[in-house]
1. Quick one: in the range 57-75, which of the residues that are part of a helix (DSSP H, G or I) and not aliphatic (A, V, I, L, M) is nearest to ASP235 (Cα to Cα)?
2. Can you give me the number of residues within the range 296-313 that are touching a strand residue (DSSP E or B) at 6+ places or on another chain (Cβ under 8 Å) and closer than 11 Å to LEU203 by Cα?
3. Please indicate, with yes or no, whether at least one residue in the range 20-33 is within 15 Å of ALA87 (Cβ to Cβ), assigned by TED's automatic domain parsing to the domain that holds PRO88 and assigned to a helix (DSSP H, G or I).
4. With the structure loaded, tell me whether LYS229 is assigned to a loop (DSSP other than H, G, I, E, B), touching a residue at least 40 places away in the same chain (Cβ under 8 Å) and either loosely packed, with under 15 Cβ neighbours inside 10 Å or of a type in the set (Val, Ile, Thr) (or both) or whether it fails that test.
5. How about the range 247-268: which of its residues are among the β-branched types (Val, Ile, Thr) and touching a Gly at 6+ places or on another chain (Cβ under 8 Å)?
6. Please determine, by comparing only the residues of the range 309-327 that are basic (Lys, Arg) and more than 15 Å from SER126 (Cβ to Cβ), which one is surrounded by the most Cβ atoms within 10 Å (Cβ to Cβ).
7. Kindly provide the set of residues from the range 106-148 that are in contact (Cβ under 8 Å) with a residue 12 or more places away in the chain and of a type in the set (Val, Ile, Thr), ordered by number.
8. Given the criterion outside the structural domain of ASP238 (by TED's automatic domain parsing) and without any contact (Cβ under 8 Å) to a residue 60 or more places away in the chain, identify the matching residue among LYS79, LYS46, LYS58.
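The values are calculated or read from the model by the stated rules, or taken from the named source; none is laboratory data. Here the structure is a predicted model, which means the values were calculated and not measured. Glycine also receives a Cβ, built like all others from the backbone with ideal geometry; neighbour counts cover every protein chain displayed.
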Amino acid sequence: MAPAYYIYKYPYKLAWNIAKFFKRNKELVFYCADPLDYEMFLPIKKYLKEIEIVAKNKKSRDYLKKIHIPYLRMPVFPKAVIMARHAPHKFPVEQIAKIGFDHGLYQFKKWTSPENYNRFNRYFVSSPEQVKTAETLGITTTKAIGYPKLDNAFNGTYNKAYLDKIKTDLNLDVNKPTIILTSTWNVDGLSALDRWIDRVGELTEKYNVLITVHTWTEKSKIEKLKVIKNAFFLDKFDVTTYLMIADVFIGDYNSLIGEACALDKPIITFRVPESKRSIKEITKMIESISIRIDEFDELHKSIEQSVNNPEALKLERENANKIMFLALDGTAGKRVAEETIRLLQK
């Protein structure tokens with residue numbers, strides 16, 4: 001821990017105990033470090049009666065204010081906290097129950113230090129395979145519950161009428177297939193964005209083109225993507241519904257590949273170099289569920305192939321889903337909430 005942590009720790013503990021003495025501790029709070037965290041928390045939040053939101057920074061505060069969600073600022077002194085980041089050190093009292101969950105699907109990037117997970121009383125992951133992997137690394141707090149972010153895709157919330165309205169709002173051409181291009185954050189060369197950013201406009205004549213990239217992508221590149229003629233840049237933190245209306249998914253080494261797999265979409269992926277953050281097993285999985293390409297010029301043929309034969313690699317996608325998800329039943333958020341309530345009762 002940084003020296004500042006210890007300067008912060010003891011005044012916080014004193015204040016927390018004073019709040020406890022006067023019975024003023026919050027029962028349960030959600031620590032929101034990023035707008036995406038809040039979007040991912042919504043399928044859990046609806047099953048929790050009393051919970052307050054704590055905004056970490058201006059970005060989160062501005063987002064919550066925009067959607068009219070009340071929030072608190074740190075320091076806050078709860079009995080329990082739930083979060084989608086490795087930040088239990090922000091609540092440095094042993095008596096505070098600390099609950100965490102992944103803000104990305106499965107383990108597309110390598111686990112960090114076991115200490116970051118073992119500081120939690122419970123850390124929720126998407127599948128039993130993740131729990132097994134965690135145990136081999138000395139992580140003892142994980143529990144498989146599924147992936148709450150996809151609940152609405154499987155519980156009837158995002159039904160045909162809901163999705164048809166999105167298509168209408170975007171004014172998509174019903175005579176064209178819809179493709180979605182995605183990219184991860186460009187760390188260690190895992191992003192293929194530079195291979196298509198200057199040529200994606202070539203696809204708009206034949207396809208409805210949706211685009212989404214990691215929120216940490218360079219601002220200059222995001223601005224370039226926003227002005228591509230006849231393409232739709234998705235300025236959203238949760239793009240699940242757009243994955244659902246797409247006929248073909250295109251990615252590189254991003255966890256949205258797993259979400260497209262869950263939704264049984266034909267997948268095309270750009271090969272990217274192995275790095276210290278990538279995982280060989282994930283690369284192997286991506287190779288099994290997607291058409292692999294190296295350059296933009298290969299996209300046209302691959303998209304056509306995917307549109308004409310969407311059932312190709314279906315069995316491979318089903319097998320991958322068994323590895324990545326406990327279940328795709330629309331109730332992962334409920335499982336998180338129920339387990340959280342049990343922890344609080346203890």
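1. Step one: list which residues in the range 57-75 are part of a helix (DSSP H, G or I), which gives 58-66.
Narrowing the set further to residues that are not aliphatic (A, V, I, L, M) leaves 58-63, 65-66.
Details: LYS58: 18, LYS59: 15, SER60: 16, ARG61: 18, ASP62: 15, TYR63: 13, LYS65: 17, LYS66: 14 Å.
Result: TYR63.
2. Within the range 296-313, residues that are touching a strand residue (DSSP E or B) at 6+ places or on another chain (Cβ under 8 Å) and closer than 11 Å to LEU203 by Cα number 2.
3. Here is the first cut: in the range 20-33, the ones within 15 Å of ALA87 (Cβ to Cβ) are 29-33.
Among the residues that remain, those that are also assigned by TED's automatic domain parsing to the domain that holds PRO88 are: 29-33.
Retained after the next criterion (residues that are assigned to a helix (DSSP H, G or I)): none.
For the range 20-33, residues within 15 Å of ALA87 (Cβ to Cβ), assigned by TED's automatic domain parsing to the domain that holds PRO88 and assigned to a helix (DSSP H, G or I): absent.
4. Numbers: assigned to a loop (DSSP other than H, G, I, E, B): yes; touching a residue at least 40 places away in the same chain (Cβ under 8 Å): no; either loosely packed, with under 15 Cβ neighbours inside 10 Å or of a type in the set (Val, Ile, Thr) (or both): yes.
No; evaluated as a whole, the condition is false for this residue.
5. The first filter runs over the range 247-268 and keeps only residues among the β-branched types (Val, Ile, Thr), leaving 248, 250, 257, 267-268.
Matches in the range 247-268: ILE257, ILE267, ILE268.
6. Out of the qualifying residues, it is ARG317.
7. Residues of the range 106-148 that are in contact (Cβ under 8 Å) with a residue 12 or more places away in the chain, as a first pass: 106-112, 114, 116-131, 133-134, 137-148.
If the condition is that a residue be in contact (Cβ under 8 Å) with a residue 12 or more places away in the chain and of a type in the set (Val, Ile, Thr), then THR112, VAL125, VAL131, THR133, ILE139, THR140, THR141, THR142, ILE145 are the ones that fit.
8. Details: LYS79 fails: without any contact (Cβ under 8 Å) to a residue 60 or more places away in the chain; LYS46 fails: without any contact (Cβ under 8 Å) to a residue 60 or more places away in the chain.
One residue alone meets the criteria, LYS58.
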